[in-house]
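Read the figures in this text as sums done on the coordinates, not as results from a lab. Predicted model only: the values in this text are computed from it and were never measured. Every residue, glycine as well, gets a Cβ built from its backbone with ideal geometry; the counts of neighbours run over all protein chains shown.
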Amino acid sequence: MTIIIKKRSIVKRNQIYIAVILYALFMNFSVISKAQVRYEKGDVFFEGKLWYRVTSVSPPEVEVTTKNSSAPYWDNEAEKPSGRIEVPETVRGMTVTAIGDYAFSETNVSSLHLPATVTRLGSYAFYRCNSLFFLNIDGVELIDEATFAECKILNEVSLPSVKVIWKDAFARCPDLSKVYIGRYALTIFSTAFNECKFLSKISVHPENERFYTFDNILFNKKETSLLLYPNYKSEHEYRIPEGVTAIGAHAINNKVFLKTLYFPTTLILLNDSALRDCRGLTRLVSYEPEPNHFQLNDNVFGNIDYEKCELVVPFGTEEKYRNAAQWKKFKYIIGGSNVKVKELDPSGLRIYPNPSRGEYWIELPWEDARLCVYRETGEIVFTQSLKKGKNRLYIDTPGVYMLRIETGEGQITRKLVVHP
């Protein structure tokens, strides 16, 4: 009896050993088979919770993609990714370098973690991801067309490493209010933030070589082009700074708050749809005596109400403007001898030493201001931003200069002498 029990226990133990060995062989074969599969460019496979497409064989690279190559991209709602998404750095020995076109389009992705290897987000990749609230995509260099368009609750975007933001990348995101652009940005397409009706704050890394913000308004670094005036900026009046020569395409589309807009004397070009959706605008002020001095591209004024928005021009030039094809739609063209810029209270403003050999200090009593330095001939030498408190100014060429300091409340002018 004892011998029989022993034999049975030996048999059972051997069966367990065999089962373990078979399972190990199966798992090893499974791992080896995945790793040793020879993939071709364009192959699609499923791993973990995501679908991938091979984009390069040498070096081996993949992008996150959709189950189906064309719409409908998923066979049913249950197949769509949702919740928190963790994208791995590698899969089956291949590096994940991109999120492909439409990869998470119209899904319920709520948060996103991308590895440093992902540098591109494809067209419509997160289109209508209506659970996505905050976005920080460090490492990504390219955001393609309409990548995050129409994400209903997306509120804040941080783009520390992005170099290119393509057209409509964040268009029609109704809750988007804050955007941070990092030091590496090179190209921002004119409609990248189109119709973001609650956008009020735009900031740029101070070391960015292409872009600059002042008072949450986006300019090129030289401050000669106004690129984006936030749709939800609440001031009723805006005086475009002197030195600006161009207003970018779709740059000023403030539908609600902006009522009066002043053109600078330096303005020449208004690009396509530059003021298209300024529906609340009731007063447009130009100091230019020659109406044909301006180059107005397609649909500059778009939805402006020509019967409610008065055009104020230099006194004595009204008839010229009425006869100019690009301005004659305005019903009320008024001589502007009464158009005056408010003079700032000089209390607290100090500029010293004056004269000097080129180095000056400006003590400013206002929070933020813009300085424009002119020669006596009226030629602009340069512009720069000023902060409340002590600011350094250096002019290296001897001569007599005019300084104009502008804030949202008005301006003040002072003469400066630079000795040899």
When only DSSP loop residues count, what chymotrypsin sites (Phe, Trp or Tyr not before Pro) in the range 112-183 have their Cβ near at most 15 other Cβ atoms within 10 Å? PHE133
Where the centroid of each part is defined by its Cα atoms, how far is the range 267-305 from the range 35-74 in Å? 49
Sites matching trypsin sites (Lys or Arg not before Pro) across the range 208-238 that sit in DSSP coil, with at most 13 neighbouring C-beta atoms within 10 Å: LYS221, LYS222
Could you size up the charge dipole of the range 210-340 around its Cα centre, putting +1 on the beta carbon of Lys and Arg and -1 on that of Asp and Glu, and report it in debye to the nearest 20? 180
Listed by chain and number, the residues whose amide H is under 5 Å from that of GLU310, excluding neighbours fewer than 5 places away on the same chain and using placed H, are ARG283, LEU284
Hull shadow area, averaged, the range 41-208 [alpha-carbon convex hull, nm²]: 9.2
Would you please report the Å³ per residue occupied by the convex hull of the alpha carbon atoms in the chain? 220
Which of the aspartates and glutamates could be linked to LYS342 by a straight reach, that is with a Cα gap under 12 Å, when you skip same-chain ones fewer than 8 residues away? GLU406, GLU409
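Take every DSSP beta bridge whose two residues both sit in the range 41-208, then give the antiparallel share in percent to the nearest 5.
30
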Rounded to whole Å and sorted largest first, list the principal axis extents of the Cα atoms in the range 273-420. 51, 30, 28
If you keep only loop residues by DSSP, which GluC sites (Glu not before Pro) in the range 354-420 have at most 13 other Cβ atoms within 10 Å of their Cβ? GLU376, GLU379, GLU409
Can you give the charge dipole size of the range 41-208 about its Cα centre, rounded to the nearest 20 debye, using +1 on the beta carbon of Lys and Arg and -1 on the beta carbon of Asp and Glu? 260
Just how large is the dipole of the chain about the Cα centre, in debye to the nearest 20, putting +1 at every Lys and Arg Cβ and -1 at every Asp and Glu Cβ? 1440
Name the most mobile residue of LYS67, LYS80, LYS49, meaning the one with the largest mean-square fluctuation, in a Gaussian network model of the chain with Cα contacts below 10 Å. LYS49
Cα-based Rg / Dmax (Å) for the range 64-114: 11.4, 30
If the cut-off is 18 Å between C-alpha atoms, which lysines fall inside it for LYS328, apart from same-chain ones fewer than 8 positions away? LYS308, LYS320
Which of these, SER177, SER286, SER356, has the largest mean-square fluctuation under a Gaussian network model of the chain (Cα springs below 10 Å)? SER356
Pairs of alpha-carbon atoms within less than 8 angstrom and 6+ residues apart define the contacts here; what relative contact order does the chain have, in percent? 6
Beyond 22 Å, what percent of the Cα pairs of the range 136-267 remain? 30
Using alpha-carbon positions, the gyration tensor of the range 210-340 gives root eigenvalues a ≥ b ≥ c; with a/c under 1.5 called rounded, otherwise prolate if a/b exceeds b/c, else oblate, the class is prolate
With the charge dipole of the chain built from beta-carbon charges (+1 for Lys and Arg, -1 for Asp and Glu) about the Cα centre, the Cα from VAL64, ASN136, TYR287 projecting farthest to the positive end belongs to VAL64
Listing LEU349, LEU186 by rising number of other beta-carbon atoms within 10 angstrom, fewest first, gives LEU186, LEU349
